[in-house]
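> A single structure is presented below for examination.
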Amino acid sequence: MVLTCMRWGIALSLVSLFAWPHLRRDWPKIRERWLYLLLMGGVGYTVFNFFLYSALRFTSPINVTLHQSAMPVVIFVASFLIYRIGVRWVQVLGYALTALGVLIVVSSGQPIAFLAQGGEGLNRGDVLMAGAAIAYGTYSALLRSKPELHWLSFLTCLIAAALLFSLFGVVAEARLGEVTFPVTPQGWLVVLYAGIFPSLVSQGFFINGVEKLGANVAGLYINLVPVFGAILSVLLLGENLHLFHAIAFLFVVGGISLAQRATRRNV
């Protein structure tokens, strides 16, 4: 939670430099939808980060990135339940392939045996990543209801909410005696990178992408996270890439191709 708090603090400091004129103009709308903005930033950013970082204590970075391919399924379900957005059978097949890829990872390449045992031996990291997927997938679906704000105003409000939520997490960690601060140049570089690129640049791009493509189509691109995540885990962290990881990739890419093609035809 210290990392989460610091990354959103850096992001808020930077985005505020450019967003201030838009915030002043959009303030009446922000005040009207403050609860929506607070919950979106808190759940979509801070709660998601909490589950994601916690999962990395119990499972590998490759597994964590592969689990994120479940997010488009969550987006699809949330969009249907909240907005009654229809879906074609080809999309369902694409989402099912994605879910099967996640199952292969969770079961370490033995999905049938895993299901036969009723999911016994489920890694704690897998459970935490399920929470992460639900948090960010629901956030992505609810972007459809975002108020008519300039994208910089909207992003600034979400980041401010994320920072506020993360402060409670830091206090909780402090009470548990688990607070960890960066003390090395590498640690500070990690914080700086997290504050600029995944917190500010990618979130801004994602919000714009949802505005232009819709949550269902934009959410499919989240499936590229496992691909890049696995490659970087091998190149930078020396992670081992197993055969079941490669098989899971095939299901993920296949799911993207089918669901994206069908979704674009519906747009």
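> Output the residue which, of all residues in the range 1-54 that are touching a Phe, Trp or Tyr at 6+ places or on another chain (Cβ under 9 Å) and among the polar types (S, T, N, Q), is farthest from Ser140 (Cα to Cα).
Within the range 1-54, the match that is farthest from Ser140 (Cα to Cα) is Thr4.
> Could we say that Ile196 is of a type in the set (Val, Ile, Thr) and within 25 Å of Arg261 (Cα to Cα) here?
Judged against the criteria, Ile196 is not a match.
> Specify which of the listed residues (Leu189, Leu200, Leu258, Leu236) is assigned to a helix (DSSP H, G or I), modelled with pLDDT of 85 or more and in contact with a Leu (Cβ under 8 Å, 6 or more places away or on another chain).
Leu200
> Right, something else. Could you run through the range 246-260 and say how many residues are over 20 Å from the mean Cα position of the chain (by Cα) and crowded, with 18+ Cβ neighbours inside 10 Å?
Number satisfying all stated conditions: 1.
> Among the residues of the range 92-114, are any at pLDDT 80 or above and more than 21 Å from the chain's Cα centre (by Cα)?
Yes.
> Can you find, within the range 170-179, the residue that is surrounded by the fewest Cβ atoms within 10 Å (Cβ to Cβ) among those that are more than 13 Å from Gly9 (Cβ to Cβ) and under 23 Å from the mean Cα position of the chain (by Cα)?
Here the answer is Ala172.
> Which one of these is crowded, with 19+ Cβ neighbours inside 10 Å, over 20 Å from Ala11 (Cβ atoms) and in contact (Cβ under 8 Å) with a residue 60 or more places away in the chain: Leu143, Leu128, Leu149?
The unique qualifying residue is Leu128.
> Consider Thr138 against the criteria (1) under 23 Å from Trp20 (Cβ atoms); (2) of a type in the set (S, T, N, Q); (3) within 18 Å of the chain's Cα centre (by Cα): it satisfies all of them except one. Which criterion is unmet?
Evaluating Thr138 over (1) under 23 Å from Trp20 (Cβ atoms); (2) of a type in the set (S, T, N, Q); (3) within 18 Å of the chain's Cα centre (by Cα) leaves (1) as the failure.
The values are calculated or read from the model by the stated rules, or taken from the named source; none is laboratory data. Computed from a predicted model, the values in this text were never measured in an experiment. FYI the Cβ positions are ideal-geometry reconstructions off the backbone, even for glycines, and counts take in every protein chain you see.
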